[in-house]
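K.L.:
Here it is, the structure, as C-alpha cells.
Each reported figure results from applying straightforward, stated rules to the coordinates on display, with no laboratory input. This one's a predicted model, so the numbers in the text were calculated from it and none came from an experiment. All Cβ positions, glycine included, derive from the backbone under ideal geometry; neighbour counts span all protein chains shown.
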C-alpha cells in the first residue's frame with residue numbers, strides 16, 4: 001500500500017482524462033432470502049455469480065460515509081448505489097473486504113486500517129451475499145479486528161471466508177445456495193504485511209499455499225459443493241499484467257482435478273489496485289485482478305497519483321448445471337462490467353450506465369482502457385464479453 005491524498009477538483013478532472021471504463025447488464029431477480037448453508041440442491045436451475053474488487057476505506061472514504069449519514073454514524077449505501085442493480089441482480093454476489101473493522105469511533109485509514117462496521121450494512125444493502133476477508137490488512141488490528149469484522153458481517157447477513165475467530169470456523173468451508181447449486185467460497189492472501197499470526201491462532205487468516213488450497217477445495221467438494229470459487233489476494237501492485245506467481249499458481253490450480261473433475265471452478269483475484277486481465281486457463285476462468293471498488297486517492301510506488309487505483313470491474317459468470325451426475329457445472333456466459341470510483345462525490349460508477357446517460361469522451365476513454373486490459377490475454381476468443 002502507498003500513500004493517499006484527497007485531490008483538488010482540477011486534479012479530479014485530470015484523473016479522468018488519464019484513464020478508462022465499460023457496461024451494465026442486469027441479471028434475473030434474486031430469490032427471497034440470502035444464500036445460506038444447505039443440502040445439495042435437487043433441481044436443475046443455473047445461477048449467476050457477480051464478484052468485485054477491494055473495498056478499501058481510507059479516511060476520506062470514512063469521512064464521506066459520515067457526511068452521507070448526516071453526521072450521525074456512517075452510511076456506505078450511497079457510495080455503492082451505482083452498482084446495486086448489477087450486484088442485487090445476481091443469484092450470488094461476492095465482494096472483497098480488504099480491511100478490518102474498528103469500534104466506538106476508533107477508525108483509521110492507511111497504513112493500519114480500521115473501518116466503521118457500518119461498511120457491512122452498506123454491502124448487504126447493495127446485495128452482496130459474501131465477502132472474502134483474507135488480505136494483507138487482515139491482521140492490522142490483530143485477532144480483535146478479525147472478531148469485530150466477522151461479527152459485523154454476521155449481523156448484516158453477509159457470509160465470509162478467509163479469516164476466522166476459531167479453529168473450527170477456519171476448518172469449515174463457506175457453503176451457499178445459488179440457484180440449484182451449492183457453492184463453496186474459499187479465500188487466501190499472499191501475506192499480512194509482516195504482521196505475525198496471533199499467538200495460538202495459526203488459523204486466523206488463510207495464507208496462499210497451493211496444496212492447502214487444493215486440499216480445502218476437495219474438502220468443500222466432499223461437503224457437498226457443486227461449484228468451488230477461490231478468492232486470491234495476490235499479484236504485484238500497480239501492474240496491469242499478471243505476474244509470474246499469478247500465472248504459475250493459476251495454471252497449477254486450474255490443472256488440478258479429482259476423478260476427472262476440476263477441483264476449482266473459478267478464481268477471483270484482488271490486491272493489485274488496478275484492473276487486470278481475465279483468462280480461461282485449463283477450461284477454468286481466472287480473473288487475475290478486479291481492481292479497487294472503493295478507495296481514496298491512490299498513489300503508486302513512484303509517489304504519483306494514479307487514477308487506475310479507482311478503476312475496477314465487476315465479474316459476472318453464468319453457470320449451468322451438468323448434463324450428467326458428477327460432471328462439472330459449466331460457465332455458459334462470462335462478462336465484465338467496468339466501474340470507477342468517482343472521488344468527487346464519493347460514488348461507485350457503472351461506466352456503461354454513465355455513458356448511456358450521456359457521460360462524455362473522458363469517461364468513455366476510461367472504460368475503453370479497462371476493456372483493453374481485461375481482454376489483453378485473449379479472453380474475447382474464449383467468449384468473454386462486456387456486460388450489457
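K.L.:
Rounded, prolate or oblate: which fits the range 314-358, taking a ≥ b ≥ c as square roots of the Cα gyration tensor eigenvalues, rounded meaning a/c under 1.5, else prolate when a/b beats b/c? Numbers along the way, then the final one.
P.N.:
Working: a/c = 6.65, a/b = 3.29, b/c = 2.02.
It is prolate, given that a/c is not under 1.5 and a/b is the larger ratio.
K.L.:
Moving to a separate point now. Which percent of Cα pairs goes in each bin when the distances of the range 296-388 are cut into 10 angstrom slices starting at zero?
P.N.:
Over the range 296-388, the share of Cα pairs per 10 Å bin runs 14, 37, 28, 13, 6, 1 percent.
K.L.:
Can you give me the pair-distance distribution of the chain, C-alpha pairs, 10 Å bins, whole percents?
P.N.:
5, 26, 37, 25, 7, 1
K.L.:
Assuming a ≥ b ≥ c are the square roots of the Cα gyration tensor eigenvalues, decide whether the range 188-345 counts as rounded (a/c under 1.5), prolate (otherwise, with a/b larger than b/c) or oblate.
P.N.:
On the way: a/c = 2.22, a/b = 1.40, b/c = 1.59.
Note, shape of the range 188-345 comes out oblate.
K.L.:
OK, next. If R₀ is 51 angstrom, what is the calculated FRET efficiency for the pair residue 258 and residue 304, using the beta carbon separation as r and rounding to 0.05?
P.N.:
Numbers: r = 47 Å, r/R0 = 0.92.
After rounding to 0.05, the efficiency reads 0.65.
K.L.:
Using 1/(1 + (r/R0)^6) with R0 = 22 angstrom and r between the beta carbons of residue 155 and residue 212, what's the FRET efficiency to the nearest 0.05? Numbers along the way, then the final one.
P.N.:
On the way: r = 29 Å, r/R0 = 1.34.
According to the calculation, E is roughly 0.15.
K.L.:
Now for a different question. With a ≥ b ≥ c taken as the square roots of the eigenvalues of the C-alpha gyration tensor of the range 73-164, please select rounded if a/c is under 1.5 and otherwise prolate if a/b is larger than b/c or oblate if it is not? Walk me through the intermediate numbers first.
P.N.:
On the way: a/c = 1.96, a/b = 1.49, b/c = 1.32.
Judged from the Cα gyration tensor, the range 73-164 comes out prolate (a/c at least 1.5, a/b above b/c).
K.L.:
Going by how many other Cβ atoms sit within 10 Å of their own, how do 97, 290, 59, 386 line up, fewest first? It would help to have the intermediate numbers written out before the result.
P.N.:
Details: 97 33, 290 29, 59 15, 386 22.
Fewest-to-most ranking of 97, 290, 59, 386: 59, 386, 290, 97.
K.L.:
Can you give the % of DSSP beta bridges in the chain that are antiparallel, to the nearest 5?
P.N.:
50
K.L.:
Then there's this: Say each of residue 69 and residue 197 gets a label point 7 Å from the Cα, pointing the same way as Cα to Cβ; how far apart are those two points in nm?
P.N.:
Label-label distance for residue 69 and residue 197, simple model: 3.4 nm.
K.L.:
Report the Cα centroid-to-centroid distance between the range 327-357 and the range 232-248 in angstrom, as an integer.
P.N.:
First find each Cα centre; the distance between them is then 21 Å.
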